[in-house]
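The values are calculated or read from the model by the stated rules, or taken from the named source; none is laboratory data. This is a predicted model, so every value here is computed, not measured. Every residue, glycine as well, gets a Cβ built from its backbone with ideal geometry; the counts of neighbours run over all protein chains shown. For the accessible areas, the whole protein counts, side chains as well, though only heavy atoms, and no ligand, DNA or RNA atoms are used. Shrake-Rupley method; radii C 1.70, N 1.55, O 1.52, S 1.80 Å.
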Amino acid sequence: MTLFDELRIAWVHLRERKRQSLLTALGVAVSSAMLITTIAVARGSTQSVIDRIIEIAPHIIVSAERVEPIVPDNLIGTGVRQVSMVERHVVDAQKETIKDYPGVAARIKGLDGIEVVSPSVSSRLIIRNRSRFASCTAIGIHPEQEARIAGLEEKLMERNALLELGYTPSGILLGDQLAEKLDADYHSRLLLITPSGDKYSVLVVGRYDSGFTAKDERDAYINLPLGQRIEGLASNAVTEIGLKTNDVATASAVAGEVQSVSGYLAESWDETNKNIIDFYNRNGLITLVLVGFVFVVAGLGVSSVMTTVVLQKTKDIAIMRSIGVQQQSITRIFMMEGFMIGVFGAAFGSPLGHLICHLVSLIRYEANTAGTFQSDRIVLVETPESHLLVVTFGILIAVISSFGPARRAAGFMPVKVLRGQAGG
């Protein structure tokens with residue numbers, strides 16, 4: 001018996017039971033569509049977070065942690081027993097800083113791939129507006145340089161807020177949710193209170209909306225000199241330096257070069273935000289596995305239909321075996337039926353999944369601040385690879401599900417069946 005003959009017999013079996021075959025293929029199609037949509041949603045969620053991080057954060061952050069310890073110039077002795085005379089004791093509570101940041105920044109800027117260098121000073125403070133209090137992180141910046149790194153201009157709620165921050169020494173730019181907590185408006189007078197109790201009066205020059213809930217309710221921007229004064233730093237010292245690269249994909253490689261040149265720890269955006277990215281990747285994977293069990297249900301449906309067909313075709317199988325049809329041919333016939341159900345189901349499920357993705361992408365809802373970031377839509381990332389993967393997986397599940405019934409059909413003893421001694 002040729003392969004074409006086996007295929008023709010399998011087609012006849014399916015055609016005789018159109019309703020059963022269509023419903024089984026529909027189960028595979030729905031499973032395929034759901035899995036395609038789930039993959040698109042999972043990838044879209046992760047990609048949305050990555051895009052937001054890239055938009056609001058430096059591609060590389062150079063922190064004040066040294067990777068190479070400073071060797072004193074006045075070492076006394078040789079070998080392992082060496083001492084150094086120091087004029088003052090540095091206690092652990094003293095904030096680590098990047099000293100002579102203009103020189104460090106100049107060395108970094110000479111590297112290939114570096115587009116913008118922006119020094120900053122971060123302070124954990126209490127911010128007060130009359131009777132309202134909130135904790136915040138005040139980030140001292142050069143407004144013009146930071147705008148080119150964090151894309152602040154596109155996120156401003158007051159158009160000229162950055163310009164005003166530049167010429168207002170005591171100005172402050174608040175996250176919109178932080179401003180809402182404090183009930184602070186444009187040109188409100190606020191107080192910044194340090195852990196030691198020092199107070200600094202600041203003037204609200206505007207608000208920004210980054211879309212990241214944690215950032216918008218915690219971070220505020222002030223001028224770098226004010227940040228240095230709050231932390232008690234010299235004018236040439238900062239706590240970190242933010243960098244923007246020409247190509248975000250090369251950030252990890254460039255971070256290694258920056259670390260070697262500067263002597264300070266440099267981390268790319270994906271290293272700094274590894275926990276957030278891993279969290280979304282894990283959630284996407286768990287969701288994908290759970291939805292993947294829908295395919296198992298579809299596979300059980302295929303197996304059930306194949307078992308029914310085998311039981312109904314017991315005598316036909318016995319006759320075919322008695323005229324010389326090999327067991328391998330019987331197995332292939334029923335596995336081809338599973339293959340065809342899988343092909344029809346997956347072929348219909350792929351466009352159905354694309355349609356569902358399109359419809360979901362059109363849904364709009366009111367953005368809220370309950371999640372990690374604010375969004376008014378479900379972002380989906382649909383790729384040809386996901387369709388190909390799901391179609392292949394759907395066909396494979398259908399073929400595997402038909403293997404058991406096919407082996408059972410091939411194992412019938414034709415003599416016993418024709419004598420009525422075995423019904424299958």
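Are any residues in the range 198-225 of a type in the set (A, V, I, L, M, F, W, C), over 13 Å from Glu164 (Cβ atoms) and open to solvent by 10 Å² or more (accessible area, probe 1.4 Å), and if so, which ones?
Listed by number, the residues that qualify are Phe212, Ala214.
Every residue in the range 122-176 that is among the β-branched types (Val, Ile, Thr) and touching a Phe, Trp or Tyr at 6+ places or on another chain (Cβ under 8 Å), please.
If we filter the range 122-176 for residues that are among the β-branched types (Val, Ile, Thr), which is where we start, we get 126-127, 137, 139, 141, 149, 168, 172.
If the condition is that a residue be among the β-branched types (Val, Ile, Thr) and touching a Phe, Trp or Tyr at 6+ places or on another chain (Cβ under 8 Å), then Ile126, Ile127, Ile139, Ile141, Ile172 are the ones that fit.
May I ask you to verify whether Val289 is surrounded by fewer than 17 Cβ atoms within 10 Å (Cβ to Cβ), within 29 Å of the chain's Cα centre (by Cα), in contact (Cβ under 8 Å) with a residue 12 or more places away in the chain and within 26 Å of Val343 (Cα to Cα)?
no
So in the range 240-250, with the set limited to residues that are within 16 Å of Ser63 (Cβ to Cβ) and not aliphatic (A, V, I, L, M), which one is surrounded by the most Cβ atoms within 10 Å (Cβ to Cβ)?
Among those that are within 16 Å of Ser63 (Cβ to Cβ) and not aliphatic (A, V, I, L, M), it is Glu240.
Only one of these is more than 36 Å from the chain's Cα centre (by Cα) and among the hydroxyl-bearing types (Ser, Thr, Tyr): Ser210, Ser188. Name it. Walk me through how you get there before you give the answer.
On the way: Ser210 fails: more than 36 Å from the chain's Cα centre (by Cα).
Result: Ser188 is the single residue among Ser210, Ser188 that is more than 36 Å from the chain's Cα centre (by Cα) and among the hydroxyl-bearing types (Ser, Thr, Tyr).
Look at Ala25 and say whether it is in contact with a Cys (Cβ under 6 Å, 6 or more places away or on another chain) and either in a strand (DSSP E or B) or not polar (S, T, N, Q) (or both).
no
Open to solvent by 20 Å² or more (accessible area, probe 1.4 Å), out of contact with any strand residue (DSSP E or B) (no Cβ under 9 Å at 6 or more places or on another chain) and not acidic (Asp, Glu), is that true of Arg52?
On the way: open to solvent by 20 Å² or more (accessible area, probe 1.4 Å): yes; out of contact with any strand residue (DSSP E or B) (no Cβ under 9 Å at 6 or more places or on another chain): no; not acidic (Asp, Glu): yes.
Here the answer is no, as Arg52 does not meet what is asked.
Out of all the residues in the range 251-263, is one or more open to solvent by 10 Å² or more (accessible area, probe 1.4 Å) and not in a helix (DSSP H, G or I)?
Within the range 251-263 (the criterion being open to solvent by 10 Å² or more (accessible area, probe 1.4 Å) and not in a helix (DSSP H, G or I)), the answer is no, since none of the residues qualifies.
Scan the helices (runs of 4 or more DSSP H) fully inside the range 322-424 and keep the ones with 2 or more residues being open to solvent by less than 100 Å² (accessible area, probe 1.4 Å) and at pLDDT 85 or above.
By residue number, 327-361, 384-410.
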